[in-house]
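Below is one structure, written out as structure tokens, with a few remarks after it.
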């Protein structure tokens, strides 16, 4: 799990989902801190030019490959990664791992009502977990009360679905709020049942992004960064991704 590669100067751990969950279990058990960034091509590209995001990513304890584009880039640079670890997959794996241990899980993010629905739905699926929640549309003046709410709950796991790069920067500034913190993007909508994931065969074949694009055509506005990511990786060339 110590092995890391570099994609466009962003460190990525060659870590499996099982290893990530094991690291989270160890942190929760020992009262340590573990901050996980699930890095997709957008995060990697933006980190090159945005200081706050770059610091949030490079200072994370684990940076996982979120997306087939990251796996492609690793292969292109001659440093293949074993598997991708997405925010939603990690969230669900953490729920399974923590249910028998009575973990406290705080869900932060989404529009008003999303985190509450996600908490209620997941509490039915994992009755051994204890959930608390707050939406992601808080104002700066409300942040102190929010952090106090989270701190008083003493979560083992804090999942922040605030969108990139906000969630990465915010968790980097508030890493003391939970044993394990993870930015999960739009995963709360899935956990709430408001959105569906791609069928398993599409996930395994690396086509989940296409499924999401078909269901949410508005996401096309975010895809402009993918050609830039590909061009930068090709320009970096093979053999330059070793850390």
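The listed residues are 93, 119, 115, 97, and the only one of them that is surrounded by fewer than 23 Cβ atoms within 10 Å (Cβ to Cβ), at pLDDT 95 or above, in contact with a strand residue (DSSP E or B) (Cβ under 6 Å, 6 or more places away or on another chain) and more than 30 Å from residue 238 (Cβ to Cβ) turns out to be 119.
Do you know which of the residues in the range 179-195 that are in contact with a helix residue (DSSP H, G or I) (Cβ under 7 Å, 6 or more places away or on another chain) and part of a loop (DSSP other than H, G, I, E, B) is surrounded by the fewest Cβ atoms within 10 Å (Cβ to Cβ)? In this case the residue turns out to be 193.
Residue 78 falls short on exactly one of the conditions (1) in a loop (DSSP other than H, G, I, E, B); (2) on the phi < 0 side of the Ramachandran plot; (3) surrounded by fewer than 22 Cβ atoms within 10 Å (Cβ to Cβ), and that condition is (2). A single entry from 94, 107 fulfils the requirement of being in contact with a helix residue (DSSP H, G or I) (Cβ under 9 Å, 6 or more places away or on another chain), touching a residue at least 40 places away in the same chain (Cβ under 8 Å) and assigned to a helix (DSSP H, G or I): 94.
With the condition kept exactly as written, say whether any residue in the range 139-153 is within 25 Å of residue 57 (Cα to Cα), under 19 Å from the mean Cα position of the chain (by Cα), modelled with pLDDT of 95 or more and not in a helix (DSSP H, G or I). Checked against the condition, which is being within 25 Å of residue 57 (Cα to Cα), under 19 Å from the mean Cα position of the chain (by Cα), modelled with pLDDT of 95 or more and not in a helix (DSSP H, G or I), the range 139-153 yields no hits at all. For the range 29-37, indicate whether the set of residues that are in a loop (DSSP other than H, G, I, E, B) and farther than 29 Å from residue 103 by Cα is non-empty. No, that holds for no residue. For the range 116-168, a residue qualifies if it is in contact with a helix residue (DSSP H, G or I) (Cβ under 6 Å, 6 or more places away or on another chain), more than 19 Å from residue 180 (Cβ to Cβ) and touching a residue at least 12 places away in the same chain (Cβ under 8 Å), and the qualifying residues are 135, 165.
Looking only at residues of the range 13-28 that are assigned to a loop (DSSP other than H, G, I, E, B) and more than 16 Å from residue 97 (Cα to Cα), we find that the one that is farthest from the chain's Cα centre (by Cα) is 14. Regarding the range 38-50, can at least one residue be identified that is in a loop (DSSP other than H, G, I, E, B) and under 23 Å from residue 159 (Cβ atoms)? Within the range 38-50, one or more residues are in a loop (DSSP other than H, G, I, E, B) and under 23 Å from residue 159 (Cβ atoms).
The values are calculated or read from the model by the stated rules, or taken from the named source; none is laboratory data. Small disclaimer: the values here were computed from a predicted structure and weren't measured. Cβ atoms come from the backbone with ideal geometry, glycine included; neighbour counts cover every protein chain shown.
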